[in-house]
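One structure is given below, encoded as structure tokens.
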Amino acid sequence: MRQSLVLLALLGLLLGAAGPALAKSEEAIKRNNFGAELLKQGRLEEAIREFQRAVEVDPQYAAAAFNLAYAYDRGGRSEEALAQYRHALDLDPQNVLGQNNLGVLYDKQGRYEEAIAAFEQALRLDPTNATVQGNLANARKNQATLQERERRIAEARQGVAAHPQDPQAAYTLARVYAALDRKEEAFEWLGKALQLGFDDLRFLREDPALGGLKTDPRFTKLLEGR
């Protein structure tokens, strides 16, 4: 099972880091702080507009850049959030919260090597940060899970390649895909197994590996008339 990671809230950064020494204009500071208040109130789109304006007014204002990235992520705008976090970290590469949250975004996209690198960098900056330590451990678990899934699929596909007319090989691949909740591929290879002559229909109907397919109308349709 994929491990969930923890996104570090930037609300402390939102208000606490908004000082004149970190911004070139009072307008950027005011818009950043107003965006923080809007975000606390759940007014996400309004907050995003304020952070965007703060960044436009002062492109080097790291606090606003991080906050805009965080708000993009809260709004499900992952690609924009990634780009904004990378930009913000160019401005302030020592920011542990930003490094952590960049890692969480990479992890959610299945980009585990990049996630692990971000968490490792965060820990170089703050070796005792328990949240980052947990996120790094979970990212490594997620990477290992993905590698195991890929190994199982590759092994089953090798069986099909070696015995293309063997219904059992096709059925085995269908079972692997079904167990990994990849339904489209599972149905594709289950259909091929039946076309090749797989005839143990009692086992097929009872097979727990296919449990996730049995509520799908395509499962019933595959077995019609058999």
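Nothing in this text is a laboratory measurement; each read-out follows from the coordinates by a stated rule. Worth saying up front: this structure is predicted, and the values here are computed from it rather than measured. Cβ atoms come from the backbone with ideal geometry, glycine included; neighbour counts cover every protein chain shown.
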Quiz item: What is the fewest-to-most order of Val55, Val132 by other Cβ atoms lying within 10 Å of their Cβ?
Solution: Val55, Val132
Exercise. Determine, for the chain, the count of lysine pairs separated by eight or more sequence positions (or lying on different chains) whose alpha-carbon distance falls under 19 Å.
Key: 7
Self-check item: Most fluctuating residue given options Gln121, Gln168, Gln133, as computed from a GNM of the chain linking Cα atoms under 10 Å
Solution: Gln168
Practice problem: Read through the labelled values (1) 58; (2) 51; (3) 64 and report the label of the one computed as percent of Cα pairs over 21 Å apart from the structure. | Solution: (3)
Quiz item: For Glu148, what charge total do you get from the other residues with a beta carbon under 11 Å from its beta carbon, if Lys and Arg give +1 and Asp and Glu give -1?
Solution: +2
Quiz item: Using the Cβ atoms and a cut-off under 14 Å, what net charge is assigned to the surroundings of Glu185, where Lys and Arg are +1 and Asp and Glu are -1?
Solution: +3
Quiz item: In the neighborhood of Pro217, defined by Cβ-to-Cβ distances under 13 Å, what is the net charge if each Lys or Arg adds +1 and each Asp or Glu adds -1?
Solution: +2
Quiz item: Mind listing which GluC sites (Glu not before Pro) in the range 167-226 are in a DSSP loop and have 10 or fewer other Cβ atoms within 10 Å?
Solution: Glu224
Quiz prompt | Ascending count of other beta-carbon atoms within 10 Å, so fewest first, for Asp181, Asp200, Asp207 | solution = Asp181, Asp200, Asp207
